[in-house]
Amino acid sequence: MQEIEIKFKIDNREQLLSKLESLHSHFSEPVKQKDIIFAPDLNDTENGEGKIFIPLRRQNEKKIITLKKQSKVIMQNKEIGFGISDIDKAYDFLETIGFKEWVTVEKTRIETTYQEFNLCIDQVKRLGDFVEIEILSEEENQTEFYEKKILEIAKELGIPIKNRVDNYYDSMIAELNEKENLKVSIPLTKGTD
């Protein structure tokens, strides 16, 4: 299975929800998700083909572990996920096999469908509001076809194409962390303007 998705920053969350409601979309209950993302090498967390990241997710009462292997096309991963009973043991397991905690992503998600696509409307702590429009495909050669369809749907829903985000939440949080660490580590000296 291959996930094909495009993410967009949302300027007006309520407007998008109203538009989807007018198209008879039904929304899931809001779900709080907290992902602790593990990487095999904290010095090499750039996105790229073959890179593996493993989120441990708390989703309400559920606990899930997912292996995400990035493809050569950005924002497309091979994903294998399953429920677990003990998140602390999973954490220890990942550290024992050499994975290290990289970043934490917290969000509240509402899901709906439109045509054959899944829409995840996210409020991401520290980042703001986003919508991911995605589809799972059995066929790997359908990427271009589905990306065009996703862009058409975004346009139909009033989402500006310029708001497309070709980055993962974890990478965006890591960039914020780096900027904040830079601000903290640069000594301020009196008299310098």
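The values are calculated or read from the model by the stated rules, or taken from the named source; none is laboratory data. As the structure is a computational prediction, the values presented were derived from the model and not from experiment. Quick reminder, even Gly has a Cβ in these numbers, built from the backbone with ideal geometry, and neighbours come from all protein chains shown. Protein only, heavy atoms only, side chains kept; ligands, DNA and RNA dropped before computing areas. Shrake-Rupley method; radii C 1.70, N 1.55, O 1.52, S 1.80 Å.
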Computed over the range 1-122: relative contact order in percent, which uses C-alpha pairs under 8 Å that are six or more apart: 31
Cα-Cα separations in the chain greater than 21 Å, expressed as whole percent: 57
Part-to-part distance (alpha-carbon centres) for the range 1-59 and the range 61-130, which is given in Å: 7
CD proxy at 222 nm, helix term only [per DSSP H run n ≥ 4: -39500 (n - 2.57); per residue of the chain; nearest 500]: -8500 deg cm²/dmol
Of Lys63/Lys100; Lys72/Lys149; Lys51/Lys155; Lys89/Lys179; Lys62/Lys162, pairs whose Cα-Cα distance is over 28 Å: Lys51/Lys155; Lys89/Lys179; Lys62/Lys162
Other-chain or far-sequence residues with amide H under 5 Å of Phe38's (modelled H): Ile54, Leu56, Trp102
Calculated FRET value between Ile87 and Ser25, using beta carbons and R₀ = 25 Å, to 0.05: 0.20
Gain upon complete extension [Gln142, Asp166; 0.36 nm per residue less C-alpha separation]: 6.8 nm
Length-normalised contact order of the range 70-147 in % [C-alpha pairs under 8 Å, at least 6 apart]: 15
Dipole magnitude of the range 9-146 about its Cα centre (Cβ charges: Lys, Arg +1; Asp, Glu -1), debye to nearest 20: 400
The chain: DSSP helices with Cα axial extent of at least 18 Å and average Kyte-Doolittle hydropathy no lower than -1.0: 143-156, 169-185
Accessible area expressed per residue, the chain, with surrounding protein chains retained (probe 1.4 Å, Å²): 61
